[in-house]
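Please treat every number below as a calculation from the coordinates, not as lab data. These figures come from a predicted structure and were not determined experimentally. Every residue, glycine among them, receives a Cβ derived from its backbone with ideal geometry; neighbour counts consider all protein chains shown.
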Amino acid sequence: MGRAQGGDMEEYLECQPTTKQTMLHVEGTWSNIISTSVGLQHRGMDRGIIFGYDIGISGGVTSMPSFLEKFFPEVSRKMKEDTNISNYCKFDSQLLTTFTSSLYIAGLVASFFASAVTATFGRRASILVGGAAFLVGAALGGAATNVLMLILGRVLLGVGVGFANQSVPLYLSEMAPPRYRGAISNGFQLCVGIGNLSANLINFGTEKIKAGTISTFISMLVVDKVGRRVLFTIGGIQMLFSQVIIGAIMATQLGDEGGLSKGYAYLILVLICIYVAGFGWSWGPLGWLIPSEIFPLEIRSAAQSVSVGVNFLFTFIVAQSFLTMLCHLKFGTFFFFGGWVVVMTLFVYLLLPETKNMPIEQMEKVWRQHWFWKRIVGDMDYEDKTRGLVQ
């Protein structure tokens with residue numbers, strides 16, 4: 001009997017992994033994590049670069065004289081011939097803003113269709129549909145001979161962006177390890193910045209986009225250490241400061257005619273860099289990260305679509321109304337948006353719980369522990385609830 005038990009023990013010990021095997025397993029696990037992270041970043045990279053490039057290129061071409069002469073001759077004529085037009089009203093054209101904002105309204109509609117595709121066929125299928133739509137839109141836009149073709153191509157680009165923005169941030173957050181989720185998800189916004197920078201380099205480049213790209217990279221490095229709320233707050237204060245100072249300079253130094261002195265022009269450029277940098281490490285990347293990590297699995301795809309749709313809706317409203325607002329409110333436009341920055345920052349400070357390093361499967365805990373949201377979702381311990389359901 002003793003010998004039999006001893007034999008069983010020997011067989012048991014032989015079946016157990018050795019220290020070397022355990023170390024190899026751990027090393028393999030870390031290799032898999034690193035490989036997964038690189039793969040995730042690559043999948044998010046191309047979609048982010050495409051989105052950023054499209055945003056940047058449209059901003060550049062709409063100020064090119066040759067582009068305006070071909071597709072928007074009325075705007076071109078106003079700039080050249082109308083010497084009495086206000087500095088704030090030179091680009092006030094609903095057709096021109098329709099070209100810009102058509103992408104966002106198309107992205108808004110597409111994001112809801114993307115939800116159904118993502119839920120039924122998976123994240124990969126939604127990403128592929130978005131890529132195909134973007135390619136067709138880019139081809140149509142490049143071959144455009146009139147405004148109708150130009151806007152149609154822009155709409156298809158919006159469809160591609162809508163599908164990508166619904167599925168890519170979701171995919172990155174779900175697949176990333178909790179302790180690196182913020183950095184990996186923020187890589188999407190970094191790639192948006194890279195795409196934007198590439199477009200602006202093609203359009204002769206601007207310093208402000210470089211500032212945004214660098215700041216988003218900084219956000220990747222620190223978001224999982226300092227947390228989401230800190231970056232939101234710092235970025236909000238930075239953005240508010242820039243908006244208010246720019247508005248004050250334009251109110252006192254820029255009239256309806258003439259221009260700014262060289263010194264004030266450089267100061268505004270610096271302030272724009274500060275604004276874009278603040279956006280680049282706060283509202284830019286975290287606006288995609290937070291919605292992709294806070295919802296339970298059952299509604300995650302649909303909730304992400306709502307989040308992306310609302311993003312596109314308000315971007316469309318801003319894009320469609322900004323030039324008209326600038327023409328009528330003039331420097332007050334900057335104070336108007338500065339006020340919304342205050343509202344956004346206060347909302348985060350008071351109502352957004354910290355989600356860093358929290359596994360997605362346990363995200364419900366942060367809402368149940370928050371001073372406000374526990375009144376709505378209940379303060380019952382999550383584990384107790386789960387145990388009760390099992391029983």
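Return the subset of K225/K330; K70/K330; K225/K374; K262/K330 for which the Cα-Cα distance in this structure is over 32 Å, preserving the input order. Before the final figure, lay out the partial values.
On the way: K225/K330 41 Å; K70/K330 28 Å; K225/K374 25 Å; K262/K330 20 Å.
Distance filter (> 32 Å) returns K225/K330.
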Report task. Specify which residue in the list G193, G247, F316 is farthest towards the positive end of the charge dipole of the stretch 175-319, using unit charges on the beta carbon of Lys, Arg (+1) and Asp, Glu (-1), about the Cα centre. Result -> G193
Query raised in the report: Whose amide H sits under 5 Å from the amide H of T355, counting only residues 5 or more places off or on another chain, with H placed in the peptide plane?
Result: R228, R229
Report summary line: Note, the stretch 156-165: 3J(HN,Hα) by Karplus (6.51, -1.76, 1.60, θ = phi - 60°), whole Hz, Gly/Pro = x, goes 5, 4, x, 4, x, 5, x, 5, 5, 6
Query raised in the report: Along the stretch 359-371, what does the Karplus equation 6.51 cos²θ - 1.76 cosθ + 1.60 (θ = phi - 60°) give for ³J(HN,Hα), rounded to whole Hz, x for Gly and Pro?
Result: x, 4, 5, 10, 5, 4, 4, 5, 6, 6, 9, 7, 4
Requested in this report: Work out from phi, with θ = phi - 60° and the Karplus expression 6.51 cos²θ - 1.76 cosθ + 1.60, the ³J(HN,Hα) of each residue of the stretch 121-134, listed in order in whole Hz, and give x for Gly and Pro.
Outcome: 10, x, 5, 4, 4, 5, 5, 5, 4, x, x, 5, 4, 5
